[in-house]
Amino acid sequence: QVQVVESGGGFVQAGGSLRLSCAASGTIFSINAMGWYRQAPGKQRELVAAITSGGSTNYQDSVKGRFTISKHHAKNTVYLQMNSLKPEDTGVYYCKVSLRGYDYWGQGTQVTVSS
């Protein structure tokens, strides 16, 4: 079993910053990739940023230059540093961990950006 736990969400004014963390635990031998997704009210869940085991990163166009994804390999943890936040960044942020052909999701953490 693999457990995925996110933390670091909250309420912030536009232009502010937040840092999200996601830790995977359990029966983990090798993680292929970790990523952050978000879901705004009434919208589908979308990819925000992802990072592979080799360190390659992928970002949604709307967050490029503002968000940075990073990982701590030994701790099976991924971070999302979010700067210059905008109201449209509001949503529930979910962490996804991909390993051994399966995807594991966390419960999500709420991020609210006020204008």
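Any read-out appearing in this document is the output of simple, stated calculations on the displayed coordinates, not a laboratory observation. Note that the structure is predicted; figures quoted are calculated from it, not measured. No Cβ is skipped: glycine too gets one built from the backbone with ideal geometry, and neighbour counts run over all protein chains shown.
With θ taken as phi - 60° and the coefficients 6.51, -1.76 and 1.60, list the Karplus ³J(HN,Hα) couplings across region 24-39 in order, rounded to whole Hz; mark glycine and proline as x.
Rounded to whole hertz, the list is 9, 9, x, 7, 10, 10, 7, 8, 7, 7, 9, x, 10, 10, 9, 9.
Between 48, 12, 97, where does the largest GNM mean-square fluctuation fall for the chain, given springs only between Cα atoms within less than 10 Å?
12
Who wins for biggest fluctuation among 51, 31, 69 in a Gaussian network model of the chain, springs between alpha carbons below 10 Å?
Per the Cα network of the chain with a 10 Å cutoff, 31 tops the list.
Check cross-link reach from residue 86 to the aspartates and glutamates: straight Cα distance under 16 Å, and skip same-chain residues fewer than eight apart.
61
Which value in nm describes the separation of the simple spin-label points at residue 103 and residue 32, placed 7 Å from the Cα toward the beta carbon?
Using points 7 Å along Cα→Cβ, the separation is 1.1 nm.
Given charges of +1 on the Cβ of Lys and Arg and -1 on the Cβ of Asp and Glu, with all other atoms neutral, how large is the dipole of the chain about its Cα centre, in debye to the nearest 20?
The calculation lands at about 120 debye.
Anyone know which of 23, 74, 49 comes out most mobile in the 10 Å Cα GNM of the chain?
Result for the chain, Cα springs under 10 Å: 74 fluctuates most.
Packing-wise, with mean Cβ within 10 Å as the measure, how do 52-60, 39-47 rank, highest first?
Packing order, densest peptide first, comes out as 52-60, 39-47.
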